[in-house]
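A short write-up of the structure that comes next.
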2 protein chains.
Amino acid sequence: MLSFTEENYLKSIVQLTIFESTEREVGVNKLASCLDVKPATVSDMVKKLNAKKLVNYKKYGKVSLTKKGRKSGMMVIRRHRLWETFLQIKLNFSWDEVHDLAEELEHIYSEKLINRLDEFLDFPSFDPHGDAIPNADGEIFIPFRKLLSEAKVGDIVKIIAVKDNTKEFLNYVDKIGIVINDKIIIESKDNFNSLTTINIKGKLHVVSPRFTDNIFIVSPKFEKAKD
Amino acid sequence: MLSFTEENYLKSIVQLTIFESTEREVGVNKLASCLDVKPATVSDMVKKLNAKKLVNYKKYGKVSLTKKGRKSGMMVIRRHRLWETFLQIKLNFSWDEVHDLAEELEHIYSEKLINRLDEFLDFPSFDPHGDAIPNADGEIFIPFRKLLSEAKVGDIVKIIAVKDNTKEFLNYVDKIGIVINDKIIIESKDNFNSLTTINIKGKLHVVSPRFTDNIFIVSPKFEKAKD
DNA sequence: TAAAAAAGTTAGTTTAATCTAACTATTTTT
DNA sequence: AAAAATAGTTAGATTAAACTAACTTTTTTA
Ligand SMILES: [Mn+2]
Ligand SMILES: [Mn+2]
Ligand SMILES: [Mn+2]
Ligand SMILES: [Mn+2]
């Protein structure tokens, strides 16, 4: 039905208009840089996606998802995140290895396959990077979360997801010894140099925005109940 | 490295020159009909595969695999059969559903992934259709087997694999109630009409070559030891 | 508000994989 | 050995997804 390429466009549009912004539309240039193609290429493709009623688009306008496009894009993300979970839980891959394989596996289209996989994994809610997994209807519940950079000195926060999924980032997270759901304390901030000192299991680490802008947290006051 | 298309060509050449014939070469027309494309298309592609040292070919000649091509093709078949096994054993798909999904999964190239999958499945020797699974080096041991049509009246034979993997065939096999490793008795043969009467768990079935030419068996005298 | 910058489009080209139609080579039959 | 049949090749066209270069529209800035 949809080509790999079309699926990748829809996935990127979901990411840009639902996960990473409150704006429900995106420009051709931004989409092009997200997909790592030239704007001319995107111009052509969004015309095609519009004809297929997957996006709303007219010349010189912004691109937004139709209901159908949103669902298709969400299903690609569902497949991606379920395969990542499978690779980690069942085949013992580490969280920095799963993404690249999932980029390919996500394009295998079969409702039955993915729902069986979901069941096999016991209907996981989050993937190895802490990202919510859309359900079989393409709906997703994204829990309230903030960036580590928004935390205040003295806060005790829980790490619930990583924003950057590159190997370099994940390897650094591994190196300083945190995993999803760990708690850390914001010891101090150096606003002049934009540095934050955090306490991870008693050890102090000085980190820059490259780190704090890519870690999602919940802070105590948002953690309802238990604790 | 290799495109989906190139992988499919190599897979078909392995099937035609190793699994289904003792001739280690195949013509352009036969390959074309196996791949369901026109001979002109194959002519172009084998030129390309030859340039990549995956096949031996020259104008108006037959096509044969190089060592490298044979290994690549075998690895596609390894992936196909391991995914089929995964789908059946872990995700509870029936044997008539696994092939189509495996046709897509087989093209996901990662040695690590496939070896982990192999391990996860406990290094299976055969896929759901009774076909041997090539090992991590692309080597395969195909057990000695005959077709059911070669069995003699009175023989008690064990079904070890199916040759035809279509849904229609597999559904028929299910319907008459046999599974791999079951034993059946050859009750009688009607040579005029090319019909064979077989005894499956006490029940008699009259079958044509459409059935007997697509069931692989071992007959008692080839079944060494146990029993 | 006019000029400059940014964003987006169009036209024409490329590559991989396919096709059709016409041609050539090889093999089989008479 | 010639004719007929079969097998295989070539040339030119098509499609999807990319590109570059040139152009146009929209937005920002002065
Ligand atoms: Mn990922
Ligand atoms: Mn992820
Ligand atoms: Mn199969
Ligand atoms: Mn099989």
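Below, the figures for the structure above:
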read-out: Neighbouring partner chain Cβ atoms per residue of A:117-126, average, 10 Å criterion; value: 1
read-out: Top positive-direction residue, dipole computed over chain B with Cβ charges, set B:ASN50, B:LEU170, B:PHE141; value: B:ASN50
read-out: Accessible-area value, B:ASP100, 1.4 Å probe, nucleic acids and ligands omitted, Å²; value: 90
read-out: In sequence order, calculated HN-Hα J values of the range A:110-116 (Karplus, 6.51, -1.76, 1.60; Hz; x Gly/Pro); value: 6, 4, 4, 4, 6, 6, 5
read-out: Per residue accessible area in Å² of the protein assembly as shown, where ligands, DNA and RNA are left out and the probe is 1.4 Å; value: 53
read-out: GNM top mover of A:SER125, A:SER194, A:SER12 - chain A, alpha-carbon springs below 10 Å; value: A:SER194
read-out: Under the Karplus curve 6.51 cos²θ - 1.76 cosθ + 1.60, θ = phi - 60°, whole-Hz ³J(HN,Hα) for the range B:193-200, x wherever Gly or Pro sits; value: 9, 6, 10, 10, 9, 10, 10, 10
read-out: Loss of accessible area when B meets A, both sides summed, Å² nearest 100, probe 1.4 Å; value: 1700
read-out: Solvent-accessible area lost in complex, 20 Å² minimum, residues of the range B:79-103 relative to chain alone, 1.4 Å; value: B:TRP83, B:PHE86, B:LYS90, B:LEU91, B:PHE93, B:GLU97, B:LEU101
read-out: Rounded to whole Hz, the Karplus (6.51, -1.76, 1.60) HN-Hα couplings of the range A:48-54, x for glycine and proline; value: 5, 5, 5, 4, 8, 6, 9
read-out: Translational diffusion coefficient (Stokes-Einstein; Kirkwood radius from C-alpha pairs) of chain B at 20 °C, 1.002 mPa s, in µm²/s; value: 112
read-out: Label-to-label distance, nm, for residues given as A:GLU187 and A:LYS112 (7 Å Cα→Cβ offset); value: 5.7
read-out: Value at 222 nm in deg cm²/dmol, rounded to 500, when DSSP H runs of n ≥ 4 in the protein assembly as shown each add -39,500 (n - 2.57); value: -11500 deg cm²/dmol
read-out: The range B:146-226, relative contact order [Cα under 8 Å, separation at least 6], %; value: 43
read-out: Between the range A:148-168 and the range B:100-133, the alpha-carbon center distance in angstrom; value: 38
read-out: Given charges at Cβ of Lys, Arg, Asp, Glu: the protein assembly as shown dipole, positive-most of A:PHE19, B:ALA32, B:ALA102; value: B:ALA32
read-out: Accessible surface of the range B:146-226 [probe 1.4 Å, protein heavy atoms]: carbon and sulfur percent; value: 55
read-out: Rounded if a/c under 1.5, otherwise prolate or oblate - the range A:4-65, Cα gyration tensor axes; value: rounded
read-out: Protein-only accessible surface order, largest first, of B:THR17, A:THR66 at 1.4 Å; value: A:THR66, B:THR17
read-out: Within the range A:9-117, chymotrypsin sites (Phe, Trp or Tyr not before Pro) in DSSP loop having at most 10 other beta-carbon neighbours inside 10 Å; value: A:TYR60
read-out: Trypsin sites (Lys or Arg not before Pro) within the range B:53-110: DSSP coil, no more than 15 neighbouring Cβ in 10 Å; value: B:LYS53, B:LYS58, B:LYS59
read-out: Efficiency of FRET between A:THR41 and B:SER21 - r from beta-carbon atoms, R0 30 angstrom, step 0.05; value: 0.10
read-out: Cβ charges +1 (Lys, Arg) and -1 (Asp, Glu), total dipole of the range B:4-65, debye; value: 320
read-out: Portion, in percent, of the accessible area of the range A:4-65 that falls on carbon or sulfur, probe 1.4 Å; value: 49
read-out: Rg to Rh quotient for the protein assembly as shown, alpha carbon positions, Kirkwood Rh; value: 1.07
read-out: Crossing angle, helix B:4-14 versus chain B [Cα axis fit, 0-90 degrees, rounded to tens]; value: 50
read-out: Lys, Arg +1 and Asp, Glu -1 on Cβ, resulting dipole of the protein assembly as shown about Cα centre, debye, nearest 20; value: 960
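The values are calculated or read from the model by the stated rules, or taken from the named source; none is laboratory data. Just so it is clear, the structure is predicted and the values come from calculations on it, not from any experiment. Don't worry about glycine lacking a Cβ; one is built from the backbone with ideal geometry, like all the others, and counts go over all protein chains shown. Keep in mind that these areas ignore ligands, DNA and RNA; they rest on the heavy atoms of the full protein, side chains included. Shrake-Rupley method; radii C 1.70, N 1.55, O 1.52, S 1.80 Å.
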